[in-house]
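Engineer: What follows is a structure written as structure tokens; I'll ask about it next.
The values are calculated or read from the model by the stated rules, or taken from the named source; none is laboratory data. Source: prediction; values computed, not measured. Ideal geometry is used to build each Cβ from the backbone, glycine not excepted, and the neighbour counts take in all protein chains shown.
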């Protein structure tokens, strides 16, 4: 008797997308982030651009278009999702009614 893994990854879902996000803040706010130097903020230090006292970050974010309140899981992490739809599925094609 074998066990079949029915979990999926977000990367193979039609509702998954990677979008470019642009965030701006005053430069003194960015200085506070750098002063605190929390490990959760360090990713932004190399990509921040400061011009005319405005710090701007442009980065890519993994998102789920279902808006379930939980963002997509990390790349390759298997899980169960009620909203999963394979990318190659023809979701825009209407099926014949069962009585036809």
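Engineer: Over 22 Å from residue 53 (Cα atoms), touching a helix residue (DSSP H, G or I) at 6+ places or on another chain (Cβ under 7 Å) and at pLDDT 85 or above - does that describe any residue in region 19-41?
Structural biologist: No, region 19-41 contains no residue that is over 22 Å from residue 53 (Cα atoms), touching a helix residue (DSSP H, G or I) at 6+ places or on another chain (Cβ under 7 Å) and at pLDDT 85 or above.
Engineer: Which of the residues spanning region 29-64 are in contact with a strand residue (DSSP E or B) (Cβ under 9 Å, 6 or more places away or on another chain) and surrounded by fewer than 14 Cβ atoms within 10 Å (Cβ to Cβ)?
Structural biologist: Correct list: 29, 31, 43, 47, 49, 50, 53, 54, 58, 59, 60, 61.
Engineer: Cβ-Cβ under 7 Å, sequence separation 6+ or interchain: first residue in region 33-53 and within 18 Å of residue 21 (Cβ to Cβ), partner assigned to a loop (DSSP other than H, G, I, E, B) and at pLDDT below 80. Which pairs?
Structural biologist: Pairs found: 33/41.
Engineer: Same structure again: Search region 1-28 for residues being over 23 Å from the mean Cα position of the chain (by Cα) and surrounded by fewer than 11 Cβ atoms within 10 Å (Cβ to Cβ), and hand back the single one that is nearest to residue 62 (Cα to Cα).
Structural biologist: Top of the filtered list is 5.
Engineer: If we keep just the residues of region 40-54 that are assigned to a loop (DSSP other than H, G, I, E, B) and over 19 Å from the mean Cα position of the chain (by Cα), which is farthest from residue 26 (Cα to Cα)?
Structural biologist: Per the stated criteria, the residue is 46.
Engineer: Does region 60-86 hold any residues that are modelled with pLDDT under 80 and touching a helix residue (DSSP H, G or I) at 6+ places or on another chain (Cβ under 6 Å), and which are they?
Structural biologist: 72
Engineer: In addition: Go through region 1-14 and give me each residue that's assigned to a loop (DSSP other than H, G, I, E, B) and touching a strand residue (DSSP E or B) at 6+ places or on another chain (Cβ under 6 Å).
Structural biologist: Hit for region 1-14 is 7, nothing else.
Engineer: Okay, next question. Could you check region 15-39 and list, in sequence order, the residues that are outside any strand (DSSP E or B) and closer than 30 Å to residue 84 by Cβ?
Structural biologist: The one that is outside any strand (DSSP E or B) and closer than 30 Å to residue 84 by Cβ: 15.
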